[in-house]
Structure formats: C-alpha cells, structure tokens
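Below: one structure, written as structure tokens.
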C-alpha cells in the first residue's frame, strides 16, 4: 500500500535551507515540520507551515540587513 502525504516542496540555496533546518530543529519534536530532505537545496515540509517559514525568513532578513546612516 502507498502512503501519501500532502506537503509543500521548497527549493532554495544552501544557506537558506540550513536556516530552515535549524528552525525545524529548534521546535519541539511534536511540532517539527520537515517531512523529508531531498538534497541540500530541496525539502518537503508540512503545508501548514508555509506562512510561519515566510515570517521567520522575513524576521531574519530584517535583523541582518544594513541601512546606510542618514546624514
């Protein structure tokens, strides 16, 4: 019998994939969302975490962006 799981396919560069893997690892075991790592830049995750991942990436980007000082 075949088991099918509904999910979301993510394709990204290696640093972003590592960010998502570390985000997943920081969650309690019952809330981890990565279903399968296909290779270093592709993963299959549970579909309900799409907005969560996007928001965490946006937070990370905002914390690590440089703005030229005014003046």
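Numbers at a glance
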quantity: Cβ pairs under 6 Å, 6+ apart, first in the range 54-71 and closer than 15 Å to residue 24 by Cα, second surrounded by 10 or more Cβ atoms within 10 Å (Cβ to Cβ); calculated: 56/23
quantity: Qualifying positions in the range 1-48 - assigned to a loop (DSSP other than H, G, I, E, B) and either in contact with a helix residue (DSSP H, G or I) (Cβ under 8 Å, 6 or more places away or on another chain) or surrounded by 12 or more Cβ atoms within 10 Å (Cβ to Cβ) (or both); calculated: 6, 7, 12, 27, 32, 33, 40, 41, 46
quantity: Residue within the range 55-64 that is modelled with pLDDT of 95 or more, in contact with a strand residue (DSSP E or B) (Cβ under 8 Å, 6 or more places away or on another chain) and not in a loop (DSSP other than H, G, I, E, B) present; calculated: no
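The values are calculated or read from the model by the stated rules, or taken from the named source; none is laboratory data. Computed from a prediction, not measured in an experiment: that's the story for all the values here. Every residue, glycine among them, receives a Cβ derived from its backbone with ideal geometry; neighbour counts consider all protein chains shown.
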